[in-house]
Amino acid sequence: MSGLPRRAAAFPTALAYPATMRAPGPWRVGIQAGHWRVEELPDEQHRLRDSTGARYGPFREADLNLEVAGRVADLLRSSGAVVDLLPARIPPGYRADAFVSLHADGAYRAGARGWKAATPWRASAAARELREALAGTFPRFTGLPEDRYGTTFYMRGYYAFSPHRYEHAIDPRTPAVILEMGFVTVGQDREVLFGNPQAAALGIAAGILRFLSGHDPYDRGRMAVTLYPMMRVAAQGAELLSHPGRDALRLEELPEGTLVRPLHRENGWFEVMAWGSYRRFGWLSEAALEPLAGAEHPGGLVHGQVRFSPSAWPSAPPRIILEA
Ligand SMILES: [Zn+2]
């Protein structure tokens, strides 16, 4: 028996904390091996059961994803994290401190090679930080270039990111990124990824650790998604750009009056989806947009979302309303 007095009986045996609050404990990370056990997808995602991934001769994306994911899981576990190595089927409302889905590309675009990483359409500050952390470390370990203009609406609208459509999807508060590690169909990328999957795994694990080292799991505002009201293009010749800045591709000109759904606001720019087509997305200058009078949010708020008050636009910061 220890000489210390036993005081525990003076305290309650279970501490109550709100069910939505993260319990203290090690970091929890979900690593999804894209297309792994795709045949086990639930009925609501039955159309995706034949999505077996890219291949080039004997080289299969699904094998690569699983190989790298297993190595990432080992690296993170050796750093003290609890890791869920996840197949295509996501546990309903999956919550973790970070979720990274691993894929490799097979689509062909002339000259395209390298990696790209994307957040869900509506991304929390934490999700964007996770993306930036991976974008910083993955190329350092692999030497692979960024496929800068290759992000697709399939990535942004990835099924596992879509709790509004599916029960088997992540909780919107889970910071999430999908990483296309490179092209299975490009020899130089294959050499790196299949030749040295540990380099890819190190680049991914390092990015996740970098993100977690600056992550506050109790700052719920960082994990919340901001909802913006619909806006309209209020200028002639408004250009939809691939990135918010000068090195952007001009995607198209949006006619005055075009309705857009804002996704994110940053340094005088709005990332938007043109109304009616999630295939048309990019960045518009804030000066080219105006809010619609009386724009409201249909359906009200859901957990972990931040509402951007239309009346306060454009000068005031968003009014933050967090639900438990
Ligand atoms: Zn894939």
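We did not get these values from a lab; they are worked out from the coordinates using the rules stated. Since the structure is predicted, the reported quantities are computational estimates derived from the model, not experimental observations. Cβ sites come from the backbone with ideal geometry, for glycine too, and all protein chains shown count toward neighbours.
Things to note:
- Taking amide H atoms as placed 1.01 Å from N in the peptide plane, the amide H of TRP36 lies under 5 Å from those of ALA88, each 5 or more residues away in sequence or on another chain.
- Chain lengthening between ARG165 and ALA287 when straightened (0.36 nm per residue, less Cα-Cα): 40.6 nm
- Entry note: the range 180-250 has Rg to Rh equal to 1.15, where both radii use alpha-carbon atoms and Rh is the Kirkwood radius.
- Ranked by the mean number of other Cβ atoms within 10 Å of their residues, highest first, the peptides 72-79, 215-222, 45-52 come out as 72-79, 215-222, 45-52.
- Rounded Å value of the spacing that divides the Cα centres of the range 48-72 and the range 108-134: 19
- Under 13 Å, Cβ to Cβ, from ARG95 - net charge with Lys/Arg +1 and Asp/Glu -1: +1
- For the range 28-222, the fraction of alpha-carbon pairs lying more than 28 Å apart is 18 percent, rounded to a whole number.
- DSSP bridge orientation in the range 28-222 - percent antiparallel, rounded to nearest 5: 20
- Computed over neighbours whose Cβ is under 13 Å from that of GLY203, the net charge equals +2, Lys and Arg +1, Asp and Glu -1.
- Restriction of the trypsin sites (Lys or Arg not before Pro) in the range 82-141 to DSSP coil positions whose beta-carbon has at most 14 other beta-carbons within 10 angstrom yields ARG109.
- Residue exposure sequence - GLU252, GLU239, GLU271, GLU61 - by fewest surrounding Cβ within 10 Å: GLU252, GLU239, GLU271, GLU61
- Amide H contacts under 5 Å for TYR94, placed H, 5+ residues apart: ALA169, ILE170, ASP171
- Neighbour net charge for LEU86 - beta-carbon separation under 13 angstrom, K R +1, D E -1: +2
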